[in-house]
Amino acid sequence: ATIYPFAWYFWSGEDSVFDIKDLSGIRFCPNLKSFSVISMIEVVDLRTLAPLTKLEELSINVPTQNTEALLDLPALKKAGRFSGDPAAATVLETLEKRGVQVY
């Protein structure tokens, strides 16, 4: 939370002004190696991460959709905290078999 005063010094943290609606712009970060979401977005569509071919570590602690898109991330080494998608368990099991550390 230490970064928020740089954008809006008197922000109280009590409203949704900094909430993210979607991650579509993440495609402009093709060299991203680690990505973590803990709040401020209602749901993460994991298909939006497909262009991140160098992504090695991923932690999503909010509801997710399209967990099968994780199978298309060739550099993935660590992944965890996925919820809200019934297919998540099967996908994470497949990733584990590929050598991805799942937590």
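Largest first, what is the accessible-area ranking of 28, 82, 10 with a 1.4 Å probe?
On the way: 28 145, 82 30, 10 170 Å².
Of 28, 82, 10, the descending order of accessible area is 10, 28, 82.
Report the extension gain between residue 98 and residue 75 in nm, rounded to one decimal, defined as 0.36 nm multiplied by the number of residues separating them, less their alpha carbon distance.
On the way: separation 23, 0.36 × 23 = 8.28 nm, distance 1.10 nm.
That works out to 7.2 nm of additional length.
For the pair residue 90 and residue 45, how long in nm is the line joining their label points, each one 7 Å along Cα→Cβ?
Each label point is offset 7 Å from its Cα along the Cβ direction, giving 2.1 nm.
Could you let me know the centre-to-centre spacing of the range 8-36 and the range 43-103, using Cα atoms, in angstrom?
19
Near residue 77, which lysines are there with a Cα under 26 Å away, not counting those fewer than 8 places off in the same chain?
In chain and number order, the partners are 33, 54, 97.
Between residue 58 and residues 5 or more places away or on another chain, which pairs have amide H atoms under 5 Å apart, with H built 1.01 Å from N, and which residues are they?
Placed amide hydrogens put 35, 78, 79, 80 under 5 Å from residue 58.
Restrict the search to the range 1-72; then list the GluC sites (Glu not before Pro) that DSSP places in a loop and that have at most 15 other Cβ atoms within 10 Å of their Cβ. Don't skip to the answer; put the middle values down first.
Working: sites: 14, 42, 56, 57, 68; in loops: 14, 42, 56.
Here the sparse-neighbourhood loop sites are 14, 42.
About its Cα centre, what dipole magnitude does the chain give when the only charges are +1 on Lys and Arg Cβ and -1 on Asp and Glu Cβ, stated in debye to the nearest 20? The partial results should precede the final answer.
Details: 10 positive and 13 negative charges, 100 e Å.
Here the chain has a charge dipole of around 480 debye.
Of all DSSP beta bridges in the range 1-92, what percent run antiparallel (nearest 5)?
Working: 0 of 10 bridges.
Around 0 percent of the beta bridges assigned by DSSP in the range 1-92 are antiparallel ones.
If I take every Cα pair under 8 Å that is 6 or more residues apart in the chain, average their sequence separation and divide by the length, what percent do I get for the relative contact order? Walk me through the intermediate numbers first.
Details: 171 pairs, mean separation 20.8, N = 103.
The value is 20 percent.
Which angle between 0 and 90 degrees, to the nearest 10, do you get for helix 88-97 versus the longest principal axis of the chain when only C-alpha atoms count?
The angle comes out at about 60 degrees.
Suppose all protein chains stay in the model; what accessible area per residue would a 1.4 Å probe give for the range 1-88, in Å²?
Values: 5600 Å² over 88 residues.
On a per-residue basis, 64 Å².
Is the chain rounded, prolate or oblate when judged by the Cα gyration tensor, a ≥ b ≥ c being the square roots of its eigenvalues, rounded requiring a/c under 1.5 and prolate requiring a/b larger than b/c?
Working: a/c = 2.30, a/b = 1.82, b/c = 1.26.
Prolate, because a/c is 1.5 or more and a/b exceeds b/c.
Helix-only mean residue ellipticity at 222 nm, the chain, DSSP H runs n ≥ 4 weighted -39,500 (n - 2.57), per residue, nearest 500. What is it? Write down the numbers at each step before the final one.
Working: 2 runs with 14 residues, N = 103.
Helices in the chain give a 222 nm mean residue ellipticity of -3500 deg cm²/dmol.
What part of the accessible area of the range 21-103, given as a whole %, is carbon or sulfur when the probe is 1.4 angstrom?
Details: 2470 of 4790 Å².
The nonpolar share, carbon plus sulfur, comes to 52 percent.
Rounded to the nearest 10 Å², what accessible area does residue 34 have for a 1.4 Å probe in the complete protein model?
Here the accessible area works out near 70 Å².
Expressed in nm to one decimal, what extension gain is obtained for the pair residue 54 and residue 7 from 0.36 nm per residue of sequence separation less their Cα-Cα distance?
Details: separation 47, 0.36 × 47 = 16.92 nm, distance 2.90 nm.
Separation in residues times 0.36 nm, less the Cα-Cα distance, equals 14.0 nm.
The values are calculated or read from the model by the stated rules, or taken from the named source; none is laboratory data. Nothing here was measured: the structure is a model prediction, and the numbers come from that model. With ideal geometry, Cβ positions are generated from the backbone for all residues, glycine too; neighbour counts draw on all protein chains shown. The accessibility values were calculated without ligands, DNA or RNA, using every heavy atom of the protein model including side chains. Shrake-Rupley method; radii C 1.70, N 1.55, O 1.52, S 1.80 Å.
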